[in-house]
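Peer 1: Here's a structure for you.
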Amino acid sequence: MYTDYDVIIIGSGCAGLAAGIYTSRAGFRTLILEKEIMGGELMNRQLIENYPGFANGVQGPELGSAMLEQAMNAGAEVEIGTVLGIESKSQYKLVKTEDQSRTCKGVILATGAHPRKLGVPGEDEFNGRGVFYCATCDGPEYAGKPLAIAGAGDSGVDDGLNLQTLGCKITIVELLPQAKATQVLLDRVAANPNMEIKLATKITAVLGDDKVTGLELEDVATGVKSQLAVAGLLVRIGLIPNTQFVRDILPLTPLGQIAVNENMETSIPGIFAAGDIRHNSPMQFATAVGDGVTAAMALGRYIRSL
């Protein structure tokens, strides 16, 4: 039967764009829908050093723009739009957005994840007034000022290394007794006089008046509280999968991810999931690309079998 598109890909990060390149090159009419910024999380990352093929690293926006251009050159259509839900019919899928519905033969879910919040007093109150979640987007506003970063994983430490080049004094606060970042990043922090990591320390409140002026901290071992004077707080404590819009049709894991098999197939034929939203995802750019390619190739086989 005729459908508006052969493939609709929801999300334009690494997984979605990689899938779009493959489905378009295979001759399938492809639409990539993105809720916010084309390129997804790539557009929020500055220097990515562990993506294969770039010995000196690559800027996230540069990589995202190149992938987007490649997908469009292959024939994919791209559009900004919020997906409200999906209906699965026997021979087609119906993807509903805020302004219209479109039919397709198969769907690839690649909506990524959004930042996890601390959930402490002052976080929501000072959101946009010192509390922020994207170093690339908001970091330059705090050039030359002391900043705190919640989370000593790769993303938090990498963001801290980039922000200190703006003249910022960086304090990374980690709840666990050990930092989760890779050793090469931790070595750079240790060698940088403008950075320090506070381990086994909990942020209990964000302080301020009109804007953030500091944080209330608590030593996990002793319970002793202290204050840290900063002009801003970057929160990088993990990601929550963007799967709310499929809760009614797909079972989710306790972490909110979608169960898939080795071909990225979900429990519904013709619907695939790739990247950060699929079960057991390592949440890495390189693996998201692989997921997108795997989903695209499997979806191609599915469409040809109809």
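Peer 1: For 142, 51, what ranking results if the residue with the fewest other Cβ atoms within 10 Å of its Cβ goes first?
Peer 2: Fewest-to-most Cβ neighbours within 10 Å comes out as 51, 142.
Peer 1: Normalised by the residues of the chain, what does the relative contact order come to in percent, with Cα pairs under 8 Å and at least six apart? Each step should come with its number before you reach the end.
Peer 2: On the way: 716 pairs, mean separation 63.2, N = 306.
Relative contact order here is 21 percent.
Peer 1: Right, something else. Using per-residue counts of other Cβ atoms within 10 Å, averaged over each peptide, order 4-14, 120-130 from highest down. Could you put the intermediate results ahead of the total?
Peer 2: Numbers: 4-14: 27.1, 120-130: 16.6.
Taking the mean over residues of other Cβ atoms within 10 Å, the ranking is 4-14, 120-130.
Peer 1: Relative to the compact-globule scaling 2.2 N^0.38 Å, provide the ratio for the alpha-carbon radius of gyration of the chain.
Peer 2: Details: Rg = 20.9 Å, N = 306, 2.2 N^0.38 = 19.4 Å.
After normalising by residue count via 2.2 N^0.38 Å, the value is 1.08.
Peer 1: Also, quick follow-up: Tell me, what HN-Hα J-couplings in whole Hz come from the Karplus equation 6.51 cos²θ - 1.76 cosθ + 1.60 at θ = phi - 60° for each residue of the range 164-170, using x for Gly and Pro?
Peer 2: 5, 5, 8, x, 8, 7, 10
Peer 1: Here's something else I'd like to know. Counting helices only, and only those DSSP H runs with n ≥ 4, report the 222 nm mean residue ellipticity of the chain as the sum of -39,500 (n - 2.57) divided by its residues, in deg cm²/dmol to the nearest 500.
Peer 2: Details: 6 runs with 70 residues, N = 306.
Per the formula, -7000 deg cm²/dmol.
Peer 1: Between residue 125 and residues 5 or more places away or on another chain, which pairs have amide H atoms under 5 Å apart, with H built 1.01 Å from N, and which residues are they?
Peer 2: Counting only residues 5 or more places away or on other chains, the set is empty.
Peer 1: Here is a further query. Under 25 Å from the Cα of residue 89, which lysines turn up, not counting those fewer than eight places away in the same chain?
Peer 2: Result set, ordered by chain and number: 35, 105.
Peer 1: Any lysines with Cα under 24 Å of the residue 211 Cα? List them, leaving off those in the same chain fewer than 8 positions away.
Peer 2: Hits, sequence-local ones excluded: 117, 145, 169, 198, 202, 225.
Peer 1: How large is ³J(HN,Hα) for each residue in the range 18-29, as worked out from phi by the Karplus curve 6.51 cos²θ - 1.76 cosθ + 1.60 (θ = phi - 60°), to whole Hz, x for Gly and Pro?
Peer 2: Using θ = phi - 60°, the values come out as 4, 4, x, 4, 6, 5, 5, 5, 7, x, 8, 5 Hz.
Peer 1: For the range 117-235, what is the relative contact order in percent, using Cα pairs closer than 8 Å and at least 6 residues apart in sequence?
Peer 2: Working: 248 pairs, mean separation 38.2, N = 119.
Averaging sequence separation for qualifying contacts and normalising by length gives 32 percent for the range 117-235.
Peer 1: Taking θ = phi - 60°, what integer Hz values does the Karplus form 6.51 cos²θ - 1.76 cosθ + 1.60 yield along the range 150-163, in sequence order, with x for Gly and Pro?
Peer 2: 8, x, 10, x, 4, 5, x, 5, 4, 4, x, 4, 6, 5
Peer 1: In the chain, what cysteines have no partner Cβ closer than 4.7 Å?
Peer 2: Among the cysteines of the chain, those whose Cβ sits 4.7 Å or more from every other are 14, 104, 168.
Read-outs: derived from the displayed coordinates by stated rules, not from any lab. Predicted model only: the values in this text are computed from it and were never measured. Every residue, glycine among them, receives a Cβ derived from its backbone with ideal geometry; neighbour counts consider all protein chains shown.
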